[in-house]
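Working notes, structure below.
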Amino acid sequence: MTHSITITVNGQAYTRQVDARLLLSDFIRHELLLTGTHVGCEHGVCGACTVLFDGEPVRSCLMFAVQADGHAITTVEGLSSDPERLHPLQQAFWEAHGLQCGFCTPGFLMTLVPFLEANPTPSEAEVREAISGNLCRCTGYQHIVDAVLLAATRLNGD
Amino acid sequence: MKPAPFEYYVPRSLDEALALLAEHGYDAKPLAGGQSLVPAMNFRLAQPAVLVDLNNLADLAGIMADGEGGLRIGAMTRQRAVERSPLVAQRAPLLAETLPYIAHPQIRNRGTVGGSLAHNDPAAELPAVALALDARMRVRKQDGERVVAASDFFLGIFTTALEPDELLTEIVFPPLPPRSGVAFEEMARRHGDYALVGCAARVTLAENGKVSDSRLVFFSVGDGPVQAVAAAKTLRGQRPGPAAMRASAEAASQEIDPPSDIHASADFRRHLAQVLARRALTRAVDRASALR
Ligand SMILES: Cc1cc2nc3c(=O)[nH]c(=O)nc-3n(C[C@H](O)[C@H](O)[C@H](O)COP(=O)(O)OP(=O)(O)OC[C@H]3O[C@@H](n4cnc5c(N)ncnc54)[C@H](O)[C@@H]3O)c2cc1C
Ligand code: FES
Ligand code: FES
């Protein structure tokens with residue numbers, strides 16, 4: 001049994017016919033070819049697949065695409081509308097070496113963008129807690145924390 | 001790592017949802033936040049033929065005051081909403097204190113209170129808190145409703161009193177007696193991981209400052225929330241000084257029978273139980289004393 005769904009992704013509405021069992025992560029990657037959203041574990045542990053669902057970060061591997069019918073999704077591709085200009089958090093990741101292989105990065109970004117909106121002046125401890133649901137096998141997290149603090153300073157205009 | 005095929009229904013009303021469950025029985029599963037069910041389906045540990053998605057049942061979500069000091073929480077209320085609720089902080093501080101320990105914000109944005117209680121993972125925080133607070137579960141099926149006390153609800157590993165055609169609709173937290181203090185403690189290797197051991201304490205003081213009632217509920221030490229009934233009783237009628245609390249915590253760590261697994265040995269769990277129970281009792285007593 002397939003279902004007709006319409007999902008707004010990064011501001012654009014897409015209508016597709018999908019199987020109920022299609023994961024939202026696979027819909028984003030395979031149907032929409034938005035491969036910025038990564039899939040690491042498919043059981044909610046790694047955070048690589050994090051996207052914004054109606055503005056809140058969620059695991060896209062733990063939702064079915066049919067459940068997003070009528071809802072709005074933001075993926076990492078939606079962070080900046082200008083391909084020549086990164087989102088300030090992306091820019092800070094770049095400058096502070098917040099990534100090595102980059103596999104985890106989209107999940108970190110999609111977790112941290114709403115975090116910084118809600119808490120524009122986080123302490124280091126708060127940043128560490130905010131990223132506790134995202135795994136990175138390369139950086140040792142230190143540079144990710146540095147990047148978030150750098151972005152916070154810039155976003156606050158100092 | 002992909003779920004097996006299933007039929008998907010997204011009912012618009014509770015009656016419609018209950019009718020679907022009545023029709024499909026054991027073949028069907030309600031889908032709440034999906035934060036436990038979908039991983040199990042991805043691994044094919046669960047292969048329900050029918051999913052009844054509760055996410056459009058707005059009536060099942062909400063946090064309401066109940067009489068003087070009580071609280072009612074709809075089963076589909078997101079854990080994140082409970083965490084952020086001033087009403088919960090005021091009327092069920094134990095719940096408010098516990099919420100941030102459950103998984104991560106991304107998971108709590110989807111995960112529901114009802115889903116966690118219905119799932120009854122032995123490592124889950126909320127069943128222990130529900131038991132410590134004498135919560136009552138409102139359970140509906142097509143032709144009726146019943147209310148199940150927390151002490152009768154959690155039956156074993158991933159098992160509750162819910163029948164396949166029933167839905168948990170609401171959880172009622174009665175007000176605590178006067179001069180009651182509560183506290184929550186857990187030890188996990190990483191913030192957000194399932195705890196190695198956790199403990200919820202509740203202490204009520206009599207007007208003379210002696211303990212009139214006390215409760216210790218552990219999780220991750222058995223096949224669901226585990227009450228250390230005898231150990232908690234040792235405090236009753238006593239002045240809650242450090243020695244009495246230490247003795248009660250020590251007795252609790254002997255009363256429970258934790259498992260050994262890859263995460264921790266039984267001995268280590270007992271040790272943690274003793275330390276966490278002592279800390280939780282101490283804070284619960286401090287809070288109760290402040291109310292005298
Ligand atoms: C990485 C990760 C870490 C986690 N860490 C923790 C943790 O530290 N502590 C913790 O407690 N949990 C943890 N969880 C689990 C999380 O809290 C889940 O949200 C919760 O256990 C289940 O709630 P849910 O709403 O997602 O339910 P679902 O996954 O949708 O459902 C769980 C089960 O309950 C049934 N069910 C759901 N709602 C109802 C209802 N109203 N009536 C009848 N049956 C119902 C479903 O059919 C299913 O069998 C973690 C999950 C992940 C992915
Ligand atoms: S792929 Fe979703 S959390 Fe790992
Ligand atoms: S940069 Fe490689 S996993 Fe994080």
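The values are calculated or read from the model by the stated rules, or taken from the named source; none is laboratory data. Everything quoted here is computed from the prediction, not taken from an experiment. FYI the Cβ positions are ideal-geometry reconstructions off the backbone, even for glycines, and counts take in every protein chain you see.
Just checking, does region A:31-38 include any residue being under 30 Å from B:Val52 (Cβ atoms), within 13 Å of chain B (Cβ to nearest Cβ) and away from ligand 3 (no atom under 16 Å from the Cβ)? Within region A:31-38 (the criterion being under 30 Å from B:Val52 (Cβ atoms), within 13 Å of chain B (Cβ to nearest Cβ) and away from ligand 3 (no atom under 16 Å from the Cβ)), the answer is no, since none of the residues qualifies. Out of curiosity, is A:Val39 free of Cβ contacts under 8 Å to residues at least 40 places away in the same chain and either assigned by TED's automatic domain parsing to the domain that holds A:Ile144 or within 14 Å of the chain's Cα centre (by Cα) (or both)? Spelling it out, A:Val39 is indeed free of Cβ contacts under 8 Å to residues at least 40 places away in the same chain and either assigned by TED's automatic domain parsing to the domain that holds A:Ile144 or within 14 Å of the chain's Cα centre (by Cα) (or both).
Residues that are away from chain B (no Cβ under 11 Å) and either within 16 Å of ligand 1 (Cβ to nearest atom) or farther than 21 Å from A:His38 by Cα (or both) within region A:131-141 comprise just one, A:Cys136.
Determine whether region A:1-13 contains at least one residue that is at the interface with another protein chain (Cβ under 9 Å from one of its Cβ atoms), of a type outside the set (Gly, Ala, Ser) and either buried (at least 16 other Cβ atoms within 10 Å of the Cβ) or touching a helix residue (DSSP H, G or I) at 6+ places or on another chain (Cβ under 8 Å) (or both). The answer is yes, given that some residue of region A:1-13 is at the interface with another protein chain (Cβ under 9 Å from one of its Cβ atoms), of a type outside the set (Gly, Ala, Ser) and either buried (at least 16 other Cβ atoms within 10 Å of the Cβ) or touching a helix residue (DSSP H, G or I) at 6+ places or on another chain (Cβ under 8 Å) (or both). Selection of region A:43-60 for residues being more than 7 Å from chain B (Cβ to nearest Cβ), within 7 Å of ligand 2 (Cβ to nearest atom) and surrounded by fewer than 22 Cβ atoms within 10 Å (Cβ to Cβ) yields only A:Val45. Among the numbered conditions (1) more than 7 Å from every other protein chain (Cβ to nearest Cβ); (2) out of contact with any helix residue (DSSP H, G or I) (no Cβ under 6 Å at 6 or more places or on another chain), the only one that B:Phe6 does not meet is (1). In region A:101-120, which residue that is part of a loop (DSSP other than H, G, I, E, B) and surrounded by fewer than 19 Cβ atoms within 10 Å (Cβ to Cβ) is farthest from ligand 2 (Cβ to nearest atom)? By that ranking, first place goes to A:Pro120. Scanning region A:101-130 for residues that are within 11 Å of chain B (Cβ to nearest Cβ) and in contact (Cβ under 8 Å) with a residue 60 or more places away in the chain yields a count of 4. Please determine, by comparing only the residues of region A:121-158 that are farther than 17 Å from B:Ala103 by Cα and of a type in the set (D, E, K, R), which one is surrounded by the most Cβ atoms within 10 Å (Cβ to Cβ). Only one residue tops the list, namely A:Asp146. Consider A:Gly70 carefully, then state whether it is closer than 28 Å to A:Thr153 by Cβ and within 11 Å of another protein chain (Cβ to nearest Cβ). Considered against the rule, which asks whether it is closer than 28 Å to A:Thr153 by Cβ and within 11 Å of another protein chain (Cβ to nearest Cβ), A:Gly70 comes out as no. Of everything in region B:67-76 that is touching a strand residue (DSSP E or B) at 6+ places or on another chain (Cβ under 6 Å) and part of a loop (DSSP other than H, G, I, E, B), the residue that is nearest to the other protein chains (Cβ to nearest Cβ) is B:Met76. Could you please let me know if A:Glu84 is more than 13 Å from every other protein chain (Cβ to nearest Cβ), surrounded by fewer than 24 Cβ atoms within 10 Å (Cβ to Cβ) and either hydrophobic (A, V, I, L, M, F, W, C) or farther than 26 Å from B:Arg12 by Cβ (or both)? For A:Glu84, the condition - more than 13 Å from every other protein chain (Cβ to nearest Cβ), surrounded by fewer than 24 Cβ atoms within 10 Å (Cβ to Cβ) and either hydrophobic (A, V, I, L, M, F, W, C) or farther than 26 Å from B:Arg12 by Cβ (or both) - is met.
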